[in-house]
Structures are given as C-alpha cells and as structure tokens.
Amino acid sequence: MFPETERSPAARIGGILLCGGRSRRLGGIEKGLLRLEGKPLFQHAAERLQPQVGWLAISANREREEYGACGFPVLPDLRTGFLGPLAGVEAAMVALPPSLSFLLTAPGDAPFLPVDLAERLYHGMVADRRKSAYAHDGVRGQFLCALFERGCGALLRGFLDRGGRRVEEFLRETGATAVDFSDRAADFGNVNDADDWDRICRRAAQGQGGA
C-alpha cells in the first residue's frame with residue numbers, strides 16, 4: 001500500500017469493482033455474490049481495494065440492494081443493453097468525486113487482488129508518462145485491472161458511442177502502459193468457470209490469500 005505521505009497517490013484515486021456483467025458462461029449467476037468463507041466474493045475484492053483508494057463504488061446492474069448492503073455506492077450502467085465492463089467504467093467516471101484524479105478498475109469476482117495494485121499501476125503510468133496503465137501477469141494482460149486518468153472519461157464516451165466494447169482496444173486507444181505483476185500472477189484469479197471457482201475455494205481454504 002502507499003506510504004502515509006501528505007499527498008499520497010491513494011488520496012487521489014477512486015476505485016470501481018466491476019460486477020455488472022451477465023455471467024453467461026456460468027448460466028447467468030451473479031458471480032460477485034458467490035459466497036467464499038461466509039462473505040460474498042465482491043466483498044473480498046473490496047477489502048483488498050479499499051485501503052488503496054480514497055473512494056470505492058460497485059458497478060452492478062442486478063441485485064443492487066445486495067451489493068449496497070455493504071455500504072458502498074452501487075452504480076448501474078448509464079447505457080442500456082449490458083454493454084460490458086466499459087459501461088461500468090463510464091458510470092464510475094461520471095460519479096468519481098471531483099477531488100479525485102484517477103480511477104482504478106478491477107473485477108468484483110477476484111478475491112485475491114494485489115494489495116499494491118493501485119500503487120504499482122500509478123508509478124508505472126507516471127514513469128512512462130501515460131494516461132492509463134494495466135496489469136500484466138507475465139503471460140497475458142489483466143485488462144480489467146487498470147488505472148485511468150480522469151480525462152480518459154471523455155475518450156471512453158466517444159469509444160462507446162462508436163460501438164467500441166473491448167477493454168483491450170480502449171486501453172490501446174489511450175496509450176496504456178503495461179505494468180509487470182508477474183510476481184503476483186495468481187492474485188488475479190477470478191471466476192470464469194467452475195474450475196476457476198474450485199481453485200479459488202482451495203486457495204482460500206489453504207489460507208493463501210496473500211499479503
């Protein structure tokens with residue numbers, strides 16, 4: 001996590017947990033509400049992200065009361081039709097408090113997110129003088145784990161208006177830099193199928209949440 005400084009980057013960053021999808025590969029279940037060790041999956045993700053940001057919200061289009069029970073703002077997409085995670089990012093950009101300059105994004109079904117995700121993305125983005133950055137696990141880009149300057153909101157609106165949907169393409173449009181997280185590759189595990197869920201449950205049972 002960020003060191004306690006007078007104006008640490010954490011105080012300038014807002015976060016959004018992306019829980020707004022339809023989970024078609026898992027029969028439409030609400031993945032963020034799957035229970036892991038007595039808590040919904042998104043709450044595990046929120047507990048990892050909250051110390052890294054100055055504001056945190058949940059992007060959700062279904063079961064909003066259940067998500068809201070944990071006390072975080074719940075933001076539905078501004079556009080109809082379940083247009084994917086970028087629609088949730090757009091809603092978060094609009095809701096981002098004016099005192100904040102950056103938005104951190106992460107999937108709500110990833111319970112072991114790195115506790116230094118925001119810090120490393122921020123420093124990578126600043127070092128390369130870019131408007132955005134995303135995590136790379138050494139094998140592939142983890143495109144939902146990204147950091148954007150507030151100014152990317154206008155670019156995102158235009159991208160969605162033109163029919164753009166893929167996060168990777170939008171990151172490319174913003175000139176994003178990839179930040180190496182190969183030392184924490186397992187921490188990006190999320191639920192795409194039953195095997196993923198089994199792996200997450202086994203890791204939790206073994207007490208391997210990570211630092």
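The values are calculated or read from the model by the stated rules, or taken from the named source; none is laboratory data. The structure displayed is predicted, hence computed values, not measured ones. Counting neighbours? That spans all protein chains shown, and the Cβs are built from the backbone with ideal geometry, glycine included. To get the accessible areas, we keep the full protein, side chains included, count just its heavy atoms, and leave off ligands, DNA and RNA. Shrake-Rupley method; radii C 1.70, N 1.55, O 1.52, S 1.80 Å.
General remarks:
- Residue that is least open to solvent (accessible area, probe 1.4 Å) [pool: residues in the stretch 57-93 that are at pLDDT below 90 and farther than 20 Å from H44 by Cα]: G81
- G175 passes every criterion in (1) more than 26 Å from L83 (Cα to Cα); (2) over 18 Å from the mean Cα position of the chain (by Cα); (3) not in a helix (DSSP H, G or I) apart from (1).
- Among the residues of the stretch 126-185, those that are open to solvent by less than 60 Å² (accessible area, probe 1.4 Å) and in contact (Cβ under 8 Å) with a residue 60 or more places away in the chain comprise L144, L147, G153, L156, F159, L160, G164, V167, F170, F181, R184.
- All positions within the stretch 178-211 that are more than 16 Å from H44 (Cα to Cα), at pLDDT 90 or above and assigned to a loop (DSSP other than H, G, I, E, B): F181
- Candidates Q43, Q50: the one that is in contact with a Leu (Cβ under 7 Å, 6 or more places away or on another chain), open to solvent by 20 Å² or more (accessible area, probe 1.4 Å) and farther than 30 Å from G163 by Cβ is Q50.
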